[in-house]
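The next block holds one structure in the form of structure tokens; read it before the comments.
Computed from the coordinates by the stated procedures, all read-outs in this text should not be read as laboratory data. In this text the structure is predicted, and so the values were computed from the model without any measurement. Here the Cβ positions follow ideal geometry from the backbone for every residue, glycine too, while neighbour counts run over all protein chains shown.
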Amino acid sequence: MSTRLLPLPPGEGRGEGAFATPPSPARTEAPTPLQTPPNPNPPLPQDAPPTPWADAVQAAALLAVDPIGTSGASLRAGHGPVRTRWLALLRALLPDGTPWRKVPLNIPDARLLGGLDLAATLAAGRPVAERGLLAEAASGVLLLPMAERAPAGLAARLATALDAGTLSLLVLDEGAADDEQAPSALMDRLAFHVKLSDVGAREPEGDLPAADDIAAARLRLPAVQATDATLQSLCAVAVALGIASVRAPLLALRAACAAAALAGHSEVSTEDATLACRLVLAPRATRLPVQDAAPDEDEPQPDPAPPEPQPDPDPGQGADPPPAPDTGEAPAPGALEDILLQASLAAMPQGMLALLQARALRQPAPASGTSGAPQPGRRGRPAGTRAGDPRGAERLNLIETLRAAAPWQRIRGATGGRLQIRRTDFRVTRHIQRAETTTIFVVDASGSSALNRLAEAKGAVELLLAECYVRRDQVAVLAFRGTGAQVLLPPTRSLVRAKRSLSALPGGGGTPLATGLDAGLLLADSVRRRGGTPTLVLLTDGRSNVARDGRGGRARAEADALQAARAIRVAGIGTLLVDTSPRPAAAAQRLAETLAARYLPLPYANPATLSLAAGRIGR
Amino acid sequence: MTTQPARLAPQRDAFPFAAIVGQDEMKQALLIAATDPSIGGVLVFGDRGTGKSTAVRALAALLPPMQAVQGCRYNCDPARPTAWCDDCAARPDHAAHTMPVPVVDLPLGATEDRVVGALDLERALTRGEKAFEPGLLARANRGFLYIDEVNLLEDHLVDLLIDVAASGENVVEREGLSVRHPARFVLVGSGNPEEGELRPQLLDRFGLSVEVRTPEDVPSRIAIVRRRDSYDRDRPAFQQEWSAADAEVRARITAARALLPGVEVDDAVLEQATRLCMALGTDGLRAELTLLRAARALAALDGATAVETSHLTRVAPSALRHRLRRDPLDEAGSTTRVTRAMAEQFGP
């Protein structure tokens with residue numbers, strides 16, 4: 001498809017600044033005409049694209065019009081006034097009495113799906129059923145706070161509930177780092193991915209939609225129709241943005257219908273579809289559309305804004321999205337697609353490319369354990385019993401409970417064959433779950449031997465992975481060179497992913513050993529916090545020539561490296577140092593001593609020995 | 001704790017099977033498994049939002065209902081006394097009732113109690129009886145057990161499933177209970193390979209494996225979105241519209257089941273199957289067996305009375321791609337390897 005970028009309006013400072021700037025107080029007070037959503041008409045992209053907050057307000061309005069159809073939203077923001085404000089807004093727009101329930105992450109199945117209320121049953125001597133949270137939230141809203149840490153099991157149950165179309169889910173994603181994301185099983189099913197983390201608390205609220213308008217739109221919604229051209233364009237835009245899931249265009253269609261209902265249209269108009277694309281499709285983009293010659297047009301534009309070449313910009317800034325087009329005239333079917341695509345592009349935040357890359361690399365789903373040590377609970381194999389209240393995630397072990405209660409029956413005055421069981425008698429089954437081992441390869445990708453070493457590391461990783469499912473282990477690869485370290489493969493068990501991530505390995509440059517070690521420690525630490533056991537495999541010759549601050553100088557660099565090594569030793573992470581220099585080198589041996597690492601001189605390491613050695617440490 | 005089981009069937013308003021756009025290999029594999037449950041299950045690997053769960057749920061609604069012993073918690077077949085559970089063996093009266101084929105969802109994070117069954121706490125606490133509360137495996141007997149994101153399933157559950165799937169019997173020895181009951185089911189797993197590999201032992205339990213992809217062409221995607229939209233807007237009307245097409249598929253399954261015992265496999269086809277498996281170096285005989293069974297089921301679905309080479313080639317990728325010995329350094333996917341071997345064996 002042809003994607004032509006529209007020319008920039010002259011005289012408008014539209015380089016880096018005007019677009020999707022994180023709002024600062026100075027900006028909000030400036031006399032710039034801030035985009036506010038005219039109500040009930042959705043905002044057309046005019047001079048400035050809507051602010052994130054304006055988009056968030058629009059999302060809330062559309063969500064309120066069709067809570068079930070759009071399935072809900074994910075809200076990426078820390079806990080704070082902005083999020084609270086958005087939630088309050090949404091709640092005010094929903095009909096009175098709409099269920100509004102919160103799911104704690106550690107909710108037991110009995111509470112989520114309904115089951116037997118044990119304590120009440122014991123007290124009453126007859127079964128007392130407990131209503132599940134999903135049933136309580138039926139045709140209402142369910143909130144999932146701290147969604148980035150949601151266990152896969154909970155996500156699976158909620159996804160099933162969403163598929164059944166009984167409720168609307170608000171995923172409150174408080175993740176800070178790019179690799180902390182709400183479970184993708186849920187994200188895929190939610191229409192709106194609202195990002196509030198860039199919205200300042202002092203940003204004016206702007207025009208908020210009125211609950212009456214929403215209620216009226218809700219009545220109009222069933223009659224709203226969408227033409228084939230609209231449907232076709234939505235699908236085409238989704239393909240162009242590299243969105244694989246077919247749910248995305250479907251959700252976009254729902255959002256477009258809701259927007260049409262809100263605007264009082266009986267048929268989805270261009271503006272409605274534009275809004276849907278911006279809110280639903282743009283945040284899901286996995287690639288920028290293939291543009292024939294468009295970037296070339298973009299670059300030499302006589303743009304008054306930032307003439308200075310940026311030395312090391314974030315890769316995303318090169319692809320500065322174009323302004324949203326003027327949607328005034330009625331478009332031809334093919335043109336509609338272009339308009340929608342432009343709107344989606346305009347809605348992408350700056351640094352999109354970097355974000356896309358981060359997303360491609362991200363951890364697929366958080367490990368089921370929350371932070372800290374392996375979570376005790378119902379997971380794993382049963383291993384004995386302990387006293388405890390079974391109302392958490394644990395199951396009452398009846399036999400042991402009766403055994404505990406038996407000696408006290410006479411004292412408690414049990415009569416008539418009825419046992420007297422107190423809460424103190426409760427015994428629950430303990431379970432053990434083996435912690436996963438994550439082997440982190442830290443590979444020296446600098447200098448001339450880089451290619452060779454990386455190929456070996458790649459082979460070892462793939463061999464390890466091929467057998468790792470049996471051991472239930474994960475593998476990660478981190479390479480350092482030049483002035484920095486890069487996670488090439490986040491901890492994974494997937495061979496498919498590993499192959500793809502490792503297929504293009506960069507090499508060459510200086511040796512920032514300290515930075516590499518630091519990055520290794522950081523990754524190991526995050527593995528540990530997810531409940532796994534990290535081990536480090538270091539492939540280096542132990543020589544370093546780039547210090548932590550990125551400056552050259554062998555002495556400083558080596559001192560830094562030894563310091564970083566001590567930190568790893570203090571953290572108590574099992575380490576294997578594979579000396580890759582042609583002859584065993586003193587530098588590497590000294591590093592191994594500092595790390596308290598096993599030292600393996602392996603001038604001609606082959607993947608098989610490497611994977612064997614890596615498999616032995618830490619066990 | 002006793003919780004309401006997640007149960008897909010009978011789902012009155014499921015998406016019609018016939019209305020699923022594309023994904024022919026997945027539909028073919030599911031139909032084969034429905035025709036001959038002894039195939040050993042279907043594994044569907046692919047991206048999110050490709051209609052994996054929709055297809056399984058749709059199949060559940062489509063399958064012809066089955067006869068089961070009234071009051072039996074394991075859905076025993078009144079016509080097959082050899083496969084009865086202990087309860088049914090002791091039962092004097094085996095009155096039958098018609099029930100939909102069970103399709104049971106095994107959610108991620110399900111606990112062992114819920115899967116294998118456990119002491120019925122409700123009855124133990126209120127009536128002082130020691131009773132077994134059947135788990136998901138019992139409910140899935142003679143039906144389908146569907147595991148979404150099977151590759152993320154926890155180890156101890158995987159171990160359990162491997163054993164039960166192989167023996168067709170669930171043995172519970174816990175909490176003072178000693179129970180065994182039949183648990184023969186078609187395992188249907190789905191997942192995204194990018195999120196984790198499947199343990200080889202479990203991989204081998206699946207008879208067929210299918211790779212699904214989102215259709216990249218815009219017209220199919222439009223068709224998907226349009227059908228889904230009209231389904232969501234008015235489910236009864238949409239189902240009405242597709243009921244004839246669904247009935248056709250149902251009739252095809254019923255006819256194939258009747259035809260299946262009589263489908264012949266001549267020696268030439270048998271040899272072709274063996275040669276193909278040898279060329280691919282698959283371990284064990286399970287590959288040949290599954291390949292032949294699947295080809296027979298497919299022939300039955302086509303209304304043919306003998307297996308032909310074309311049936312073999314149509315099922316070979318599904319039956320073999322997950323059984324190839326893993327070579328991590330071979331960049332070519334398993335599907336490519338199967339296709340290559342087929343081209344060598346049968347000519348282009």
Expressed as a rounded percentage, what relative contact order does segment A:141-213 have, with Cα pairs under 8 Å and six or more residues apart? 35
Pick from B:Gln201, B:Gln23, B:Gln70: which residue has the top mean-square fluctuation in a GNM of chain B where Cα pairs under 10 Å get a spring? B:Gln201
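Can you give the average number of partner chain beta-carbon atoms within 10 Å of each beta-carbon in peptide B:167-175, as a whole number?
Partner Cβ neighbours, averaged per residue: 1.
Contact order normalised by length for segment B:200-348, with contacts defined as Cα pairs under 8 Å and 6 or more residues apart; what percent is it? Walk me through the numbers before you get to the answer.
Details: 128 pairs, mean separation 41.9, N = 149.
Contact order relative to length: 28 percent.
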A:Leu219-B:Glu173 FRET efficiency (beta carbon distance; Förster radius 35 Å; 0.05 resolution): 0.05
Below 19 Å, Cα to Cα, which lysines can B:Lys27 reach? Residues fewer than 8 away in the same chain don't count. B:Lys52
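Using only helices, what value at 222 nm comes out for chain B when you add -39,500 (n - 2.57) per DSSP H run of length 4 or more and divide by the total residues, to the nearest 500 deg cm²/dmol?
Values: 14 runs with 159 residues, N = 348.
Counting only the DSSP helices, I get -14000 deg cm²/dmol.
Let's test the formula: R0 of 22 Å, r as the Cβ-Cβ distance of A:Ala406 and A:Asn106. What FRET efficiency results, to the nearest 0.05?
Working: r = 32 Å, r/R0 = 1.44.
For R0 = 22 Å, the calculated efficiency reads 0.10.
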Under 24 Å from the Cα of A:Lys102 - lysines, other chains or at least 8 residues apart: A:Lys195
Counting only residues 5 or more places away or on other chains, whose amide H sits under 5 Å from the amide H of A:Leu538 once H atoms are built in the peptide plane? A:Val442, A:Leu576, A:Leu577, A:Val578
Give me the net charge of A:Leu591's neighbourhood, meaning all other residues with Cβ under 15 Å from the Cβ of A:Leu591; Lys, Arg count +1, Asp, Glu -1. -1
Span per principal axis, largest first, for the Cα atoms of segment B:263-346 (Å): 42, 20, 20
In terms of Cα to Cα distance under 23 Å, which lysines are near enough to A:Lys499, apart from those fewer than 8 places away along the same chain? A:Lys458
Would you calculate the separation in nanometres between label points at B:Phe346 and B:Glu241, each defined as 7 Å from the Cα along the Cα-to-beta-carbon direction? 3.6
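Quote the convex hull volume per residue of segment B:204-348, based on C-alpha atoms, as a whole number of Å³. Each step should come with its number before you reach the end.
Values: hull volume 22.8 nm³, N = 145.
Hull volume normalised by residue count: 157 Å³.
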Which residues' amide hydrogens lie under 5 Å from the amide hydrogen of B:Leu119, considering only partners 5 or more residues apart or on another chain, with H built in the peptide plane? B:Glu133
For segment A:55-70, Karplus couplings with θ = phi - 60° (6.51, -1.76, 1.60), whole Hz, Gly/Pro x: 4, 5, 5, 4, 4, 4, 5, 5, 4, 5, 5, 9, x, 7, x, 7
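Let me spell out the model: positive unit charges on the Cβ of Lys and Arg, negative unit charges on the Cβ of Asp and Glu, origin at the Cα centre of segment B:263-346. What dipole size does that give, in debye rounded to 20?
The dipole magnitude comes to about 340 debye.
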Per-residue mean of other chain beta-carbon atoms within 10 angstrom of the beta-carbon, peptide A:225-235? 3
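May I ask you to give the average projected area over all directions of the convex hull of the Cα atoms of segment B:102-208, in nm² rounded to one decimal?
Working: hull surface 27.1 nm².
Result: 6.8 nm².
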Of the residues B:Pro261, B:Phe132, B:Gly117, the Cα lying farthest along the dipole of chain B towards its positive end, which is defined by charges on the beta carbon of Lys, Arg, Asp and Glu, belongs to B:Pro261
5 Å is the cut-off here: which amide hydrogens, built 1.01 Å from N in the peptide plane, fall below it relative to B:Phe185, excluding neighbours closer than 5 in sequence? B:Arg142
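Could you grab the relative contact order for chain B? Cα pairs under 8 Å, six or more apart, rounded to a whole percent.
21
How would you rank A:135-145, A:515-525, highest first, on the average number of other Cβ atoms within 10 Å across their residues?
Details: A:135-145: 18.7, A:515-525: 22.5.
Ranking the peptides A:135-145, A:515-525 by packing returns A:515-525, A:135-145.
What average count of beta carbons from other chains do you get within 10 Å of the Cβ of residues in B:104-116? Walk me through the numbers on the way to the answer.
Working: counts 0, 3, 1, 10, 11, 11, 5, 11, 8, 5, 3, 0, 0.
Taking all residues of B:104-116 together, the mean is 5.
Which order do peptides A:52-63, B:45-56 fall in by mean Cβ count within 10 Å, highest first?
Working: A:52-63: 25.9, B:45-56: 22.2.
Top to bottom by mean Cβ count within 10 Å: A:52-63, B:45-56.
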